[in-house]
Amino acid sequence: MWPWPHGRRFHIEMTADFRNSAVLRAKGNHFEAFEVGKRFEHHWGRTLRHSEAALFSTLTLHFNPLYFNREYAAALGHADTPVNPLMVFTLVLGLSVEDLSEAGGAFLGVDDLDYGAAVYPDDTLTARSTVVALRDSSSSPMMGIATWHTEGFNQKGERVISFVRTNMVPRLKPREVAVQ
């Protein structure tokens with residue numbers, strides 16, 4: 001029985017235990033799944049709305065009127081208020097996580113960040129990443145270090161962002177460590 005406002009109670013009856021039909025899956029890819037040149041077309045994409053773009057700038061205390069004042073943006077030549085570039089970056093990076101880094105491992109940084117076409121509310125962004133470098137971790141035989149070039153595109157196919165990021169990625173089995 002579940003509590004309900006005003007003292008009433010309701011009961012949810014399930015005919016089958018959903019946990020029996022759940023399938024456990026490993027999250028993300030391990031180091032061994034990557035090879036230099038391998039490309040990942042990341043899932044679905046994401047449409048950005050006015051409300052979440054304004055909320056993002058407000059919550060991150062990014063009070064540049066370009067991102068929430070349509071008249072100000074128009075005076076600077078924009079058709080609408082552009083989406084905060086930091087939101088574009090975090091969204092595109094987030095689209096890549098399931099394929100690249102969801103298995104865990106330290107985020108080691110971003111290089112060569114470049115913004116392209118402006119992103120506006122109601123644009124739909126997609127992403128793809130290519131493995132550009134792989135190496136062993138010197139600190140852990142259970143980790144490798146992968147570097148990917150990620151690009152984000154709007155619904156017209158225009159590139160809106162490009163960056164290179166590096167993460168530690170868990171291995172399926174420890175690498176052989178040379179005995180000294």
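Things worth noting here:
- Qualifying positions in segment 107-129 - exposed (fewer than 15 other Cβ atoms within 10 Å of the Cβ) and farther than 14 Å from GLN155 by Cβ: PHE107, LEU108, GLY109, VAL110, ASP111, ASP112, LEU113, ASP114
- Segment 37-60 residues that are in contact (Cβ under 8 Å) with a residue 12 or more places away in the chain and in a loop (DSSP other than H, G, I, E, B), paired with ones that are small (Gly, Ala, Ser) and open to solvent by less than 100 Å² (accessible area, probe 1.4 Å) (beta carbon under 8 Å, 6 or more apart): HIS42/SER96; HIS42/ALA127; HIS42/SER129; GLY45/ALA127
- Some residue of segment 131-148 being open to solvent by 60 Å² or more (accessible area, probe 1.4 Å) and either in contact with a helix residue (DSSP H, G or I) (Cβ under 7 Å, 6 or more places away or on another chain) or of a type in the set (Gly, Ala, Ser) (or both): yes
- Scan of segment 62-89 for residues that are loosely packed, with under 13 Cβ neighbours inside 10 Å and at pLDDT 95 or above, ordered by number: GLU71, ALA74, ALA75, LEU76, GLY77
The values are calculated or read from the model by the stated rules, or taken from the named source; none is laboratory data. Note that this is a predicted model, so its numbers are computed, not measured. Glycine gets a Cβ as well: all are built from the backbone with ideal geometry, and neighbour counts include every protein chain shown. Accessible surface is based on the protein model in full, side chains and every heavy atom, while ligands, DNA and RNA are left aside. Shrake-Rupley method; radii C 1.70, N 1.55, O 1.52, S 1.80 Å.
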